[in-house]
Structures are given as C-alpha cells and as structure tokens.
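Enquirer: Structure incoming, see below.
The values are calculated or read from the model by the stated rules, or taken from the named source; none is laboratory data. Here the structure is a predicted model, which means the values were calculated and not measured. Here the Cβ positions follow ideal geometry from the backbone for every residue, glycine too, while neighbour counts run over all protein chains shown. The protein model used for the area step is the full one, side chains on, heavy atoms only, and it has no ligands, DNA or RNA in it. Shrake-Rupley method; radii C 1.70, N 1.55, O 1.52, S 1.80 Å.
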Amino acid sequence: MAIYYGLFALIVGLGLWLGKADSRGWSRAVYCLGITLLLALTAGLRYGIGFDYVNYPPLFEAIRSLSWGGLISYKYEIGFSAFSKLLMLISANTTFLYCVYAFLMMGIVGYVIWRRSAIPWLSFFCFVTLNFFASAMNLLRQTFAAFIFLLALPYLKKRRIIPYMLLVLLAASVHKTALILIPVYFIARLPVNRYTGALYAGGTLFTFLFSDYIMDFVLQYVFTYYAGNSIYYNSSSFLYVMIPVVIAVATIALRGRLCREDPENIVYVNLMIYGGFFSLLMTRHFILERFSLYFMVVSILVIPLLVQTFCPQQNPLPDDGKFRSERAQKLWIKRQMKEKRQIYVSIAVTTCLICFVHFLIGVSYKFHNVYPYYSVFSEEARNQKRIPYVPYWQEAKGALQITNPED
C-alpha cells in the first residue's frame, strides 16, 4: 500500500505548492504533468492486479491473429481492437500495451484537470481516493471510454452537438456502454427544481423497486452472460456506493452555489444525479457500475468546483457603509476574511477525509482487486505468479474468488 500513500503525499504536498486553485502558467502545467506521469507509470507497470489483468493477454493475442477485415466482425469494439492491433505492429509485449493505454488514459485525465479543474491537487486526490484510478487498472476498456467522455464535457456545456457526438461515438468504439451518453446530451441541461426533482425521485424509486423485472427483460437482449447467477447480477454492498451517493446529494444541495459561478454548471448537477442514480441501483445489481462510472468520474471536476465556491476570494464582502472609520472597516474585513478562510479550509479538509474514507473502504473490500499493489519488478512478477483475489473477510480461510472477464 506504500505506493498509494506515496502518491497521496506527492499529490497533496506538491499540489499545495504548485497546483493550488490560483496557480497559473508553468506551475500548474508542471504539477499536472508530473502527477500524470506518476499515475501513468504506476498503472502501466502494474502486475497481476485487476480482475481483467489475466484476460487481456489472450485477448490481445486473438486480436493480433485476426486480419484487419476480421476485426469488423470480432466480438469486441472496433476502436479498441483496431488500435490494439496497430500497437502490436510495434510490440505485442503485454507490459508495453498496458503502458500505452495507461499513458493515454492518465494523459486524458491530466489534460482535463489542467484545463478544467478549479483546484488541480484536489481533482487528482479525488481521482485516486474515489477509485477511478483503481478502475483504470482493472476495467481497461470501460474506464478508457469514460475518460474520453471527460473530453466531451465542454461541448456538452456549450451545446455543440457534433463534436460531442463524435467523442461519444469514439468512446463507444472502445466500450459500447458509452452509447448511453447519446440521450444525455438532450437532458443534461434540465433545470433541477421541484418538478424535475419529483420526476427523478419517482423514477429512482420505481426502478429500485422493480429492478429485477427490468434487468431480466433487458438481459434477454443485451449482456446475456450477466443473467442468472452472475456475480454482476447480484447486489453490491451499500458501503461500495455510500460516498458516491453522498457526493451526488451534496451536489444537488449546493447546486445554487455551483450555478451562480456558471449557469451551464447545471450540466454537472444533472450528471451527478445520474451517477447517484446508478450508484444507488448498484445495491440491487452490481452490473450497473458500468453506467455509474461515466457520470461519477465527473466528480473530479465537480468536487473542486463546489469547494472553490467557499473560497474567500469567490465571496467578496458587502460594503454597507456603516463603519466609523476606514481603520474599523479594515479590521472588520480582516476578521471576516479570516473566518471565511477557516470555513474554506475546513470544508476542503472534510472533503478530503470523506474521499479518503471511500479509499479505505476500497482497500478493505479490495475494490477492483488492485489493493495491494504489485509491479512488474515484484518477486511475484519475476516468478510469474498469479495474484489471486481474496476478499478481506475470507483471507483467514485462504478462499479464492474466480475472476471474471470484462465485457
């Protein structure tokens, strides 16, 4: 676990120096580039961790053996298959392929944080603690598609349908579940008021109560391998989704602050509602994590925005002209600004603690089978030993759980 705590120390330590909210120019760019490279190297040089780690080498080999024309009818998405085959013209080494995908995914995240984040260090901290980094080391295709969606967010906010749809189709060429983002374009700017709130609440309740019937119907036509006794059909622990639901509820509660900064931030509010919806439904069917990821990953931008709305510089003090002297006014302003800074720091620290709790839950439950971390330089890698998935509650008994391929 030392690798993760080391990342936290660098993310926060360097972030408070170079990646602060008011940092601009070279310091912000250097910070984002440095953390991006660290994350990419960590993900790319992993060994044996992630449920799908052992499933991709035979998949890469199958893609390599196919002709270019054969990729069209292959069961995996054409974008992922074609790009993987192109990479294997350079090298078919699994570590090389994992490294390329890691640098691509972390590069997208780093770029988005550099360009869009209100507080870069907090975005990177949330990225790791909320297990999006863990997802990138497990559900390679699915997470890659979700990160591509991050590039589409500006076009969603600015109502530019053509570049948005092109990026969504690109994401869908990596993992077809990204097609759910097509209708999102038309509903993501709905106002969140009593009417839409009632609609969202009613829809969530209905879906939650009748989820078994809905899932049985849907799985007759798509993802049929998840029907029946699949672990993905079964429910997830509420601990798995508790913090994401809390984040979604906090976004709804603070939407006024968020939208005062930019009315187009209503898009973020709706996306977090959708993320909370699918996260909650995971307590009925774990497979719905597939859809939750697309929306919850936006929290790496939303959480810093929410925290930043409490920054003293974002909340100028009113001048009501009721001061006896200029000195009295300065003292009052100084006192008020000190209180506002204390509130701001308290909210930032509390936010970090909440996210860190989710990380600790992930470590306890071994989310995505990436805790603890093993690298290609480990003894296990030298001996080509398979890293099993042992849930924390079964470790004492030495019980193993068979991994399942990503589809």
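Enquirer: For Leu104, tell me the accessible area in Å² from a 1.4 Å probe, rounded to the nearest 10.
Expert: Per-residue accessible area (Leu104): approximately 70 Å².
Enquirer: Here is the link list: Lys157/Lys340; Lys75/Lys366; Lys158/Lys338; Lys85/Lys157; Lys157/Lys366. Which ones come out longer than 32 Å on Cα distance?
Expert: Lys158/Lys338; Lys85/Lys157; Lys157/Lys366
Enquirer: How many angstrom lie between the C-alpha centres of the stretch 123-149 and the stretch 42-119?
Expert: Measuring centre to centre over Cα atoms gives 14 Å.
Enquirer: Now for a separate question. If amide H atoms are built 1.01 Å from N in the plane of the peptide, which residues on other chains or at least 5 residues away come under 5 Å of the amide H of Ser375?
Expert: Amide H neighbours of Ser375, under 5 Å, 5+ apart: Tyr47.
Enquirer: With +1 on each Lys and Arg Cβ and -1 on each Asp and Glu Cβ, and nothing else charged, work out how big the dipole of the stretch 3-120 is about its Cα centre, in Debye to the nearest 20.
Expert: So the dipole magnitude of the stretch 3-120 works out to roughly 300 debye.
Enquirer: Starting from the Cα gyration tensor of the stretch 66-215, multiply each eigenvalue by 5, take the square root, and state the resulting semi-axes largest first in whole Å.
Expert: Here the semi-axes work out to 31, 21, 16 Å.
Enquirer: By the gyration tensor of its Cα atoms, with a ≥ b ≥ c the square roots of the eigenvalues, what is the shape of the stretch 96-182: rounded for a/c under 1.5, prolate for a/b over b/c, or oblate?
Expert: Cα axes put the stretch 96-182 in the oblate bin.
Enquirer: Where does each of Ser65, Ser135 land when they are ordered by accessible area, with a 1.4 Å probe and the largest first?
Expert: Ser65, Ser135
Enquirer: In addition: If R₀ is 45 angstrom, what is the calculated FRET efficiency for the pair Leu209 and Tyr5, using the beta carbon separation as r and rounding to 0.05?
Expert: Calculated transfer efficiency: 0.60.
Enquirer: What does the net charge come to around Phe277 if you take all other residues with beta carbon closer than 15 Å to its beta carbon, with K and R at +1 and D and E at -1?
Expert: Within the 15 Å Cβ shell, the charges total +1.
Enquirer: Can you send over the carbon and sulfur percentage of the accessible area for the stretch 124-222, probe radius 1.4 Å, protein chains only?
Expert: With neighbouring chains kept in place, the figure for the stretch 124-222 is 73 percent.
Enquirer: Here's something else I'd like to know. Quick one: which of 195-204, 105-114 comes out on top by average Cβ neighbours within 10 Å, and what's the full order, highest first?
Expert: Highest to lowest by the protection proxy: 105-114, 195-204.
Enquirer: Roughly to the nearest percent, how much of the accessible area of the stretch 22-112 is carbon and sulfur, given a 1.4 Å probe?
Expert: 69
Enquirer: Could you state the accessible area per residue of the stretch 46-167 in Å², with a 1.4 Å probe and every protein chain left in place?
Expert: Dividing the accessible area of the stretch 46-167 by its residue count gives 36 Å².
Enquirer: Carbon and sulfur together cover what percent of the accessible area of the stretch 239-303 at a 1.4 Å probe radius?
Expert: C and S atoms contribute 69 percent here.
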